[in-house]
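The values are calculated or read from the model by the stated rules, or taken from the named source; none is laboratory data. These numbers were taken from a predicted model, which means no experiment stands behind them. Reconstructed Cβ throughout: ideal geometry from the backbone, glycine too, with neighbour counts over all protein chains shown.
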Ligand SMILES: [Zn+2]
C-alpha cells in the first residue's frame, strides 16, 4: 500500500451515518469535507454505499499484537491488517510481549512498527510493573513522555494483585492523566484454574475459576480508585457480579470504566464440554446469566466499551489437550459481527451506541487523539462502512490474522466490513485489504 | 454401545447391565485352567499411560491378553513427552501402528475425549482415568462388585435399583467419584457423597446424588460404603486441618463399620491410606472388598474391550486350547 496510489477525494454515496437516513460523505485530504445529498462526484473515487452503515473507525483498547517476541502468532503488521479488516482504525497494543513493554524503548518500537504498517494506528500500552512481575513500578512517566505517548498502563495477563502497588500505580499516573487497566484475577483463588467454576466444571473435572476471583479484585480496585481519586479501567468483565460492582461505582460518581469482549457477550462455559481448547480463554467463558447481564450492562452504559482481547496463538498451542493449551482467542475480524449479532439484531443497541461503545468511548478512555470522533465535517476521515444485511459462516481460512484460534468457526454471523478508511485512505475496499 | 468409553455417562442402563453380565462370563473364564479366549486375536490394544498407575495398566494388560489381543504398553511418563502437542504426535504414531483400541490414562481432564474426537486416531478410546474427571472402568468394576456381593446368585440381568451407596472422601478431585455417581445412578442406586465441604465441588447440586457432611448419619442407611483415597498433601492447601482430624471425622474405623447394616460392604479403589481414610481393622475385615475389586477389574475390562472391539457374538462360546 502506498500513499501515492490513494486518490485524495473519495465520495461515499448513500451511507447511513450511524444508521440514520442515507447521505453522501465527501472525504478530502484525510478529512471529512462535506456531508449532504447529491454531492458532486467530480474527481473523486465513488463508493456506492447503497444504504450500508457508516461508523467512525473502530478503536480497540485491548489487542495482543505479540510483537516483539511471538511473531509466530502475530506481528504488528499482520495484527493491524486484521484490525483494518475488522473495521478498526486504531488499536491499543498490550504490554505482555517479549521483552515486556515496560520501558520507553519497547513502547517506541511497537509504536514505530505500527506507523510503518500503515493499516491502523497502534497505541502501545505500557506495563504497570517491571516484567509484569507485580513488584516494582515500571517507568510509567518515561513511557508517557516517549514518542509513544503512553497513557494506558496494564499488566494484562497478570493481575496487579498487590494492593499497595495498585494504589501507587493509580496515584502515580494522575500526573499525566493516565489510567490503569486492571486484569482482575485474584491469583490464589485461580491457581491451576481451567474454566468457570460451576455446574460444568464440576462435571468435567476441570479446576474451577470462581467469579469471586474477578469480583474481589474489582471491588478492591474500585475502592482504591475512589480513595485516591484516580481513573481505573477494568479489562474484560465476565461476570454478572462484576457488572453490579461497576454499576455501584458509577452510581457513586467514581471514575471507573469497564470493557467486555465480544466472546463474553456470546459464548458460555457449556462449550467447554467439548474440551476443545479453542474455548479456553482468560477470563473464562461464564454462564448464560452472566452473558445476559453483560449485554444489558453494555446497552445501559454500565460497561463503557467493547474490547476484543484479540489473543493470537499458533496452531500447536491449541491443537492439544485442554490442560496444555494456551488461553485466548482472536477477535479483531469478528468483533463487529458479534456485537451486531448480540446487541443490534437483538434490539438492545442501535448503531449510534455501537459507535460509542466501539469507537468514541475507547478513544476517550485511552485519551487517543484523532480517533473516536463523530462522523462530521472537519473531522479526521477514520471511517468504517458496514453491510449489516450480509450473512456468512465464519471461515478461519479467510482470516487476515496470522493465527486461526477463533471460537466462531462454522458459526453464522451477520454483517461485514466492506470499507475502512484511515485518515481518508482506504485500508479495506469491498471487503478486501488494499 | 458407543465406540468409545470416555465417561460413565456414555453408558445407557442396558449398556451397563450388558457389561456387568459380560463380565460375569469373563469371570468364569478366570476360573478355568486356561484363562484365554481367542476373541481379539490379531487386534492391537495400546496402553497409553501419561501418568503412573501400575495397577490399572496391568489390569488392562491382563484383560487384553486373556482375550488374545496384542498389547503394546506405551508409557509417556518420564520420557521427553510431556508438553501438550505430544498427545497428538503420540496418537498419530499409534494410528500408524494400527491400534484398534487405545487405553489412555492422562493427568489432564478431557485428554481421552480429545483423543477420541480430534480425528487423530481411528480406533476405540477407553478412558483409564483422566485428571480429576472420570475413570469409568473403575466405576464398572465397583458396580460389578456391589452387584455380586449384594445380589449373590442370579445377579445376571439385574441392576442396582434401590441400593444405597455412599461415597466418602475427596469428591472434588476424584475421577472415581464422578464416574461412580453417574454409573450407579444409571443403574438405579441411590448415591450419597460424603466429604468435608471443602472437598465437594461447587455445582454438585446438579449431580444425581445426595450430599452429606456427616458420615455417621449416613452409615446406618448404606448398603455399600466406598472409601476414596485422600492425598495427605490436600492438607497443605487447607482442604482440612490435619490428617488426624480428617481421620476422626471422615475415616472409617471399626466402631463406624459396626454401625453399618450387617450386609453392607466396605469398598476401596486402592491404594489405601491406612490410618487416613480407613483403619487396618476395616481394611482387613471380610466386609472390605478391596482385593476382590482388583480381581473383578480384569473381568470388567475384558468385558469392555470385548464389547468395544469384539462385536456382538457371545463371548465365551469358543474356548481356546492353545
Ligand atoms: Zn487480560
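Brief remarks on what is shown
- When each of A:376, A:363, A:352, A:389 is tested for being under 25 Å from residue A:124 (Cα atoms) and either modelled with pLDDT of 95 or more or outside any loop (DSSP other than H, G, I, E, B) (or both), the lone residue that passes is A:363.
- A count restricted to the stretch A:237-253 and to residues that are touching a residue at least 12 places away in the same chain (Cβ under 8 Å) and out of contact with any helix residue (DSSP H, G or I) (no Cβ under 9 Å at 6 or more places or on another chain) stands at 1.
- Annotation: of all residues in the stretch A:57-97 being in contact with a strand residue (DSSP E or B) (Cβ under 9 Å, 6 or more places away or on another chain) and in a helix (DSSP H, G or I), the one that is nearest to the ligand (Cβ to nearest atom) is A:79.
- Residues within the stretch A:157-172 that are surrounded by fewer than 22 Cβ atoms within 10 Å (Cβ to Cβ) and away from the ligand (no atom under 16 Å from the Cβ), tallied: 8
- So residue A:377, is it touching a strand residue (DSSP E or B) at 6+ places or on another chain (Cβ under 8 Å), surrounded by fewer than 17 Cβ atoms within 10 Å (Cβ to Cβ) and over 13 Å from residue A:265 (Cα atoms): yes
- As a summary of the residue check, residue A:400 satisfies the conditions (1) part of a loop (DSSP other than H, G, I, E, B); (2) under 18 Å from the mean Cα position of the chain (by Cα); (3) closer than 28 Å to residue A:177 by Cβ except for the one numbered (3).
- Considering each residue of the stretch A:111-123 in turn, at least one proves to be under 25 Å from residue A:221 (Cα atoms) and either in contact with a helix residue (DSSP H, G or I) (Cβ under 7 Å, 6 or more places away or on another chain) or part of a strand (DSSP E or B) (or both).
- Any hit, the stretch A:288-295, residues being away from chain B (no Cβ under 14 Å) and within 16 Å of the ligand (Cβ to nearest atom): yes
- Among the residues making up the stretch B:110-129, those that are within 13 Å of chain A (Cβ to nearest Cβ) and either part of a helix (DSSP H, G or I) or in contact (Cβ under 8 Å) with a residue 60 or more places away in the chain (or both) are B:111, B:112, B:113, B:114, B:115, B:116, B:117, B:125, B:127, B:129.
- Failed condition for residue A:134, given (1) buried (at least 22 other Cβ atoms within 10 Å of the Cβ); (2) more than 22 Å from the chain's Cα centre (by Cα); (3) under 24 Å from residue A:104 (Cβ atoms); (4) within 16 Å of the ligand (Cβ to nearest atom): (1)
- Any chance residue B:63 is assigned to a helix (DSSP H, G or I), at negative phi and at pLDDT 90 or above: yes
- Residue B:202 falls short on exactly one of the conditions (1) in contact with a helix residue (DSSP H, G or I) (Cβ under 7 Å, 6 or more places away or on another chain); (2) part of a helix (DSSP H, G or I); (3) closer than 24 Å to residue B:246 by Cβ, and that condition is (2).
Yes/no matrix, rows are residues, columns are (1) assigned to a loop (DSSP other than H, G, I, E, B); (2) modelled with pLDDT under 95:
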{"position": "A:270", "(1), (2)": "no, no"}
{"position": "A:286", "(1), (2)": "yes, no"}
{"position": "A:289", "(1), (2)": "no, no"}
{"position": "A:296", "(1), (2)": "no, no"}
{"position": "A:312", "(1), (2)": "yes, no"}
{"position": "A:316", "(1), (2)": "no, yes"}
{"position": "A:320", "(1), (2)": "yes, yes"}
{"position": "A:333", "(1), (2)": "yes, no"}
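- Residue within the stretch B:130-140 that is in a strand (DSSP E or B) and within 13 Å of the chain's Cα centre (by Cα) present: yes
- In the stretch A:403-419, the residues that are in a strand (DSSP E or B) and over 20 Å from residue A:341 (Cβ atoms): A:419
- Counted residues, the stretch B:161-171 - those being over 16 Å from residue B:260 (Cβ atoms) and crowded, with 22+ Cβ neighbours inside 10 Å: 3
The rows are residues; the columns are (1) surrounded by fewer than 21 Cβ atoms within 10 Å (Cβ to Cβ); (2) over 19 Å from the mean Cα position of the chain (by Cα).
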site: A:208; (1), (2): no, yes
site: A:228; (1), (2): yes, yes
site: A:231; (1), (2): no, no
site: A:234; (1), (2): no, no
site: A:240; (1), (2): yes, yes
site: A:248; (1), (2): yes, yes
site: A:261; (1), (2): no, no
site: A:279; (1), (2): no, no
site: A:282; (1), (2): yes, no
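- The residues listed here are B:156, B:91, B:151, B:177; of these, the one that is modelled with pLDDT under 95, within 14 Å of chain A (Cβ to nearest Cβ) and either in contact with a strand residue (DSSP E or B) (Cβ under 8 Å, 6 or more places away or on another chain) or closer than 26 Å to residue B:286 by Cα (or both) is B:91.
- Looking only at residues in the stretch A:173-193 that are touching a strand residue (DSSP E or B) at 6+ places or on another chain (Cβ under 7 Å) and over 18 Å from residue A:131 (Cβ atoms), the one that is nearest to the ligand (Cβ to nearest atom) is A:184.
- Cβ-Cβ under 7 Å pairs, at least 6 apart or on other chains, the stretch A:213-236 side within 14 Å of chain B (Cβ to nearest Cβ) and modelled with pLDDT of 95 or more, far side within 16 Å of the ligand (Cβ to nearest atom) and outside any helix (DSSP H, G or I): A:213/A:185; A:213/A:186
- The stretch B:235-261: number of residues that are farther than 16 Å from residue B:283 by Cβ and in a loop (DSSP other than H, G, I, E, B): 7
- Members of the stretch A:211-244 that are more than 16 Å from the ligand (Cβ to nearest atom) and touching a strand residue (DSSP E or B) at 6+ places or on another chain (Cβ under 9 Å): A:222, A:224, A:225, A:226, A:230, A:231, A:243
- Filter result for the condition that a residue is at pLDDT below 95 and under 30 Å from residue B:68 (Cβ atoms), over B:309, B:305: B:309
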